[in-house]
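What follows draws every value from the coordinates through simple rules; no lab data is involved. The structure presented is a predicted model; accordingly, all values stated were derived computationally and were not measured. All Cβ positions, glycine included, derive from the backbone under ideal geometry; neighbour counts span all protein chains shown.
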């Protein structure tokens, strides 16, 4: 898509711990982190920094700055029917990543077409990054607090700059919800995407969700519409600015 203004944003996110677990492996109660962040986790971070239903954040690439290390912790999860339990969670530790992203318009939201001011949203996003985000930042899961700050992607020394190529096998990419469906086949469903990431000189270039080689339909999910005809979107009328 050609854009009037370049809307790329770059930021660094860091934290003491991260847990980018495969949702499929959470069923047994124990969680094991992937070695690198998932597309969905980074998209969630960007949404915590700045999100509007008018746009869709696309994660272009991530750069792994620190060595990949893990730490196992014994966790006592809440049991709502009484008794004690113990689970082992495997976290990444001392995490730091550089991220490059951009946004596109959500074509499934024609009712928000008047809000498609690219320069406005781009400038707001950059200010939000400089402030550390609008909402709490976490790395994969709520107990892993993260911190966001502006950066120049590629600056500084990374732990894997001299490693030509490192493959991670089949990996969970993310979920496409009906609101962001990219085709008629996914517009009424929740779809999980999978791919085969490869890190080259410390950088992983993400595929867009629609280009992932494996898609799995999880369940039906019709998209919620907004508008005056639905009686759930008043716009400026709510503030008395439109008669």
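Modelled label positions at residue 152 and residue 113, each set 7 Å beyond Cα in the direction of Cβ, lie 4.1 nm from each other. Be a star and scan the range 34-72 for residues whose amide nitrogen sits under 20 Å from the point 7 Å along the Cα-to-Cβ vector of residue 159. From the range 34-72, the list is 34-39, 41-42, 61-72. Per-residue packing, averaged as other Cβ atoms within 10 Å, sorts the ranges 215-221, 142-148, 95-101 into the order 95-101, 142-148, 215-221, beginning with the highest. Label positions at residue 16 and residue 35, each projected 7 Å from the Cα along the C-beta direction, are separated by 2.6 nm. For the pair the range 58-128 and the range 136-211, the centres of their Cα atoms are 9 angstrom apart. Gain on full extension, evaluated as 0.36 nm per residue between residue 216 and residue 94 minus their Cα-Cα distance, stands at 40.6 nm.
Residue exposure proxy: 105, 57, ordered by other Cβ atoms within 10 angstrom of their Cβ from fewest to most, comes out as 105, 57.
Extending 7 Å from Cα along the Cβ direction at residue 120 and again at residue 201 yields two label points whose distance is 4.0 nm.
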